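*Asks:* To start, I am sharing the structure in question, which I have written as structure tokens.
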Amino acid sequence: MRRGLSFWDILIYLGLLIIIGWALLKSLGVINSPTWIDMIPYYGVGLAGLGGAYKIGKIMNGIERLLHMEKRFNEVETTHKLCIEGKLHNSPYSKK
């Protein structure tokens with residue numbers, strides 16, 4: 001199941017499209033450029049980099065959440081096991 005493109009995906013593709021378009025037009029001689037036009041690839045790299053950094057940040061955040069959930073699951077599982085075995089003395093379920 002695929003969701004639509006997010007703003008950040010569009011930003012990455014727009015940056016790459018700017019770089020490719022500029023390179024193509026420059027190589028064909030369409031762009032005989034002043035300095036600000038020569039800077040277009042840097043704008044494209046900046047947009048693509050910004051979008052990519054955001055996406056990497058979201059991926060890292062997801063990984064951290066999964067690791068936290070795994071740690072919490074292991075704590076609950078260990079506590080449950082100790083309760084069942086009667087080794088957890090401060091639990092209301094431990095055998096007295």
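*Asks:* Mind putting a number on the dipole of the chain about its Cα centre? Charges go on the C-beta only, +1 for Lys and Arg and -1 for Asp and Glu, and I need it in Debye to the nearest 20. Don't skip to the end; give the middle numbers.
*Replies:* Numbers: 12 positive and 7 negative charges, 106 e Å.
Its charge dipole is roughly 500 debye.
*Asks:* I'd like to know which of W36, L11, L24 lies farthest towards the positive end of the charge dipole of the chain, counting +1 on Cβ of Lys and Arg and -1 on Cβ of Asp and Glu.
*Replies:* Checked the options; the winner is L11.
*Asks:* Given R₀ = 22 Å, what would the calculated FRET efficiency be for S6 paired with Y43, taking r from the Cβ atoms and rounding to 0.05? Can you show the working numbers first?
*Replies:* Details: r = 21 Å, r/R0 = 0.93.
Given R0 = 22 Å and the Cβ-Cβ separation, E is 0.60.
*Asks:* A follow-up question, please. Quote the Stokes-Einstein diffusion coefficient, in whole µm² s⁻¹, for the stretch 7-85, based on the Kirkwood radius over alpha carbon pairs, a temperature of 20 °C and a viscosity of 1.002 mPa s.
*Replies:* On the way: Rh = 15.9 Å.
Roughly 135 µm²/s, to the nearest whole number.
*Asks:* Between E64 and V76, 0.36 nm times their residue separation minus their Cα-Cα distance comes to what?
*Replies:* Values: separation 12, 0.36 × 12 = 4.32 nm, distance 1.84 nm.
Gain in length upon complete extension: 2.5 nm.
*Asks:* For S33, which sequence-distant residues (separation of 5 or more, or a different chain) have an amide H within less than 5 Å of its own amide H, given hydrogens modelled in the peptide plane?
*Replies:* Counting only residues 5 or more places away or on other chains, the set is empty.
Read-outs: derived from the displayed coordinates by stated rules, not from any lab. Keep in mind it's a predicted model, so treat the numbers as computed, not measured. So basically every Cβ, Gly included, is an ideal-geometry build from the backbone, and we count neighbours across all protein chains shown.
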